[in-house]
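Following: one structure in structure tokens, then a few remarks.
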Amino acid sequence: MLLTVARIGRAHGLRGEVALDLRTDTPEDRFGIGAELRTEPAARGPLTVVSTRMQHGRWYVTFAQITDRTTAEAVRGTELVVEEDSSDEDDAWYPHELAGLRAEHVDGTVLGEIVGLEHLPAHDMLVLRELDGTRTLIPFVRVIVPVVDVAGGRVVLDPPGGLLASDVANLVVSEETVGVAQEDTTGRADSADTADGADD
């Protein structure tokens, strides 16, 4: 199986340099000078690294096969891939490893099933299918996902209140908030309106 280690981003400059959206914790190993990387789509590669640099926390690479801005712009979105056997990173998981894992709350409650992984600019997001079928994006950061146990078939989540759809479904409305919502002087509705409209 081919695993994505980066996606080619925007062109930078006129000589074919491109930014990389990394999917690996060890870019210095993956993108060493002379490294040859397969691509998806395959017709755009393989690509050979001729130079790398990092600026403001982002990696920029020049490939032997991309020598001008026009070509660089044409390959934007191309995935750089390696064979699964080549991946020996710790604390790194791929979508096929995470899909199907049982999602548990830190208190042991089953929350649903992980059905995918989405790469967003800020960080990766786990796609959780909750017990009622709702799909919820969970930031894939250690404070919220403290345990990934692929061998045990589970991930443990410690989500902040309000992140899960089930949080809204289980919202308890006190006697003080029951009734017609009243607007304050700023035009905002009180908590009764918020609770009643949460499922809209």
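Taken together, the values in this text are just the output of simple stated rules run on the coordinates, not laboratory data. Quick caveat, the model's predicted, so the values are computed rather than measured. With ideal geometry, Cβ positions are generated from the backbone for all residues, glycine too; neighbour counts draw on all protein chains shown.
With R₀ fixed at 35 Å, the C-beta to C-beta distance from ALA42 to ARG129 puts the FRET efficiency at about 0.65.
The modelled label-to-label distance between ILE33 and ARG58, using points 7 Å beyond Cα along the C-beta direction, is 2.5 nm.
Rounded to whole Å, the principal axis extents of the Cα atoms in region 2-86 read 36, 30, 20, largest first. Gain on full extension, evaluated as 0.36 nm per residue between ARG10 and VAL147 minus their Cα-Cα distance, stands at 45.9 nm.
Quick check: from the Cα gyration tensor, does region 95-169 come out rounded (a/c under 1.5), prolate or oblate? In terms of gyration-tensor shape, rounded.
Taking label points 7 Å from Cα along the Cα-to-Cβ direction, THR71 and GLU83 give a separation of 2.7 nm.
Here's how it looks for ASP68: its modeled amide H is under 5 Å from those of GLY16, which are all 5 or more places away or on a different chain.
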